[in-house]
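First comes the structure, then the notes that go with it.
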Amino acid sequence: MAVSLHNSTGISRVGFDSQFLGSHSASKASVSVSFHSSLTNLSLNSLKIIQKFVSGSSVESLMHLQILLDTASISVETSKQQSYRIAAMSKAESSSSDQVKLDISLSPRVNSAGINAIREGYTRYTPNAGTLELRTAICHKLKEENGVSYSHDQIVVSNGAKQSILQAVLAVCSPGDEVIIPAPYWVSYPEMARLADATPIILPTLICDNFLLDPEVLESKISEMSRLLILCSPSNPTGSVYPKKLLEKIAEIVAKHPRLLVLSDEIYEHIIYAPATHTSFASLPGMWERTLTVNGFSKAFAMTGWRLGYIAGPKHFVAACNKIQSQSTSGASSIAQKAGVAALGLGYAGGEAISTMVKAFRERRDFLVKSFGELEGVKISEPQGAFYLFIDFSSYYGIEAEGFGKIENSESLCRYFLDKAQVALVPGDAFGDDSCIRISYAASLTTLQAAFERIKKALISLRPAVPV
């Protein structure tokens, strides 16, 4: 995979922080920084540019960069115009086991947009809700790709989709209200509800149902205090995608309750595997008025460090989000917004670059689903989108592991894998389902193959305590 950054000045204008990746050391006199064994020495200019993508990012927002950091080789090419390109390539194995270099870089217009904005002095405050240029581009995208129409005053651009979600919850929920959240869920949803003095109502789903919400369960849990239903499709952490017919059933239930709104988190919409298709909840009959749609640029466009997301919805709800933002962060970065306009200009659904990236993700998913499906005591639901597997390892709970201790839950099993296999996974209890563990396949196929073999070896000495 390649991610490219073009700088037309030949001189990086981003300050260098020698600790931004943590696992290295450098002296003031040195022109290179040594990383751990997965990277060779990188030039100072290279690190300055890469920092644009990683500086200030959370662990989750760096998932796409795992692909770059696994087996990366990084080079600087200087042209006569003093422009240079930083390219990070990782090798992926084809189904025939032949090693090929997979280039899934985005158009130069995305990466050059940011530096051009700086050079042209586009560094001042923008309108709190975002530039008219970007909001107009978002309206066009939503109409063409999602079948929903909005005007620019029904869009608020924020510093990432996470901020958009929090502001929506704060804007519509009052103390004592209930926020309905299907589990497994993204870790921040319940805490956001609590920040709004609302009560998260968790509705468990089943792996045999592909972790999709049962409409009958939803209907049984709605009360007069129910204010917001949060849906995430494709899902983090399960990769599940809600079929249109199921969403229509959910919409019919929502329509019966005048106070109930829906927050539709669609951040992974373009990372989806055919025959699955994405349906925006706001496009369903009668749901536009009730739906707050959240999306952003970090996943499909791999723009994690740019921190850019947005919300679309009825004007009175979106205006309330805008008020909250005006008293907290104000508008998103002017430079990031220019890059966002360029990203949306890549074409329908991100164009060829995104489809190539999704093809690579699908190859990794298929390998992991097949491999883990052959292991004893493992339950798996094939994800239809995103880049996660949420695997049920609960049959191994209760086993006494030699030299480790008792495996009691997802947290202790993850510690066991870290100790015995040197593989880092995420316990399912953080997502509301302690029977499972989340695995990200935002890494090279070679790395995933090695990780699987380590996990498999670590499980050899264990036998399921409960038959599967």
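The values are calculated or read from the model by the stated rules, or taken from the named source; none is laboratory data. Worth saying up front: this structure is predicted, and the values here are computed from it rather than measured. When we count neighbours, we look across all protein chains shown, and the Cβ atoms used for this are built from the backbone with ideal geometry, even at glycine. Accessible surface is based on the protein model in full, side chains and every heavy atom, while ligands, DNA and RNA are left aside. Shrake-Rupley method; radii C 1.70, N 1.55, O 1.52, S 1.80 Å.
Some notes on this structure:
- Accessible surface for Val172 stands near 10 Å², nearest 10, in the context of the full protein assembly shown (1.4 Å probe).
- Over the C-alpha atoms of the stretch 279-407, the Rg to Rh ratio, Rh being the Kirkwood estimate, stands at 1.11.
- Looking at the stretch 114-172, the chymotrypsin sites (Phe, Trp or Tyr not before Pro) that sit in a DSSP loop and have at most 12 other Cβ atoms within 10 Å of their own Cβ are Tyr125.
- Pairs of alpha carbons in the stretch 108-348 whose separation is greater than 32 Å (percent): 17
- GluC sites (Glu not before Pro) within the stretch 194-300: DSSP coil, no more than 11 neighbouring Cβ in 10 Å: Glu224
- When you count the other C-beta atoms within 10 angstrom of each residue and take the mean per peptide, 401-407, 155-161 line up highest first as 155-161, 401-407.
- Protection proxy ranking for 339-346, 138-145, using the average of other Cβ atoms within 10 Å per residue and placing the highest first: 339-346, 138-145.
- The stretch 352-461 - percent relative contact order, Cα under 8 Å, separation 6 or more: 24
- Here Leu195 and Thr329 are evaluated by their C-beta separation; at R0 = 25 Å the FRET efficiency comes out at 0.95.
- Think of the stretch 108-348 as having a plus end and a minus end, set by charges on the Cβ of Lys, Arg, Asp and Glu; of Ser226, Ser298, Val148, Ser298 sits farthest toward the positive end of this dipole.
- Rounded, prolate or oblate (a/c below 1.5 giving rounded, otherwise prolate when a/b exceeds b/c) for the stretch 419-468 by Cα gyration tensor: oblate
- Relative contact order of the stretch 108-348, defined on C-alpha pairs under 8 angstrom at six or more residues apart (%): 31
- Shape class for the stretch 343-446: prolate, because the ratio a/c of the largest to smallest gyration tensor axis (alpha-carbon atoms, square roots of eigenvalues) is 1.5 or more and a/b beats b/c.
- Averaging the sequence gap over all C-alpha pairs within less than 8 Å and six or more residues apart, then dividing by the number of residues, gives the stretch 252-391 a relative contact order of 23 percent.
- Annotation for the stretch 244-292: trypsin sites (Lys or Arg not before Pro) lying in DSSP loop with at most 15 further Cβ atoms inside 10 Å of their Cβ are Lys256, Arg259.
- Theoretical FRET efficiency, 1/(1+(r/R0)^6), r = Cβ-Cβ of Glu408 and Asp153, R0 41 Å, to 0.05: 0.20
- The residues neighbouring Ala198, those whose beta-carbon lies less than 10 Å from its own, together hold a net charge of -1 under the Lys/Arg +1, Asp/Glu -1 convention.
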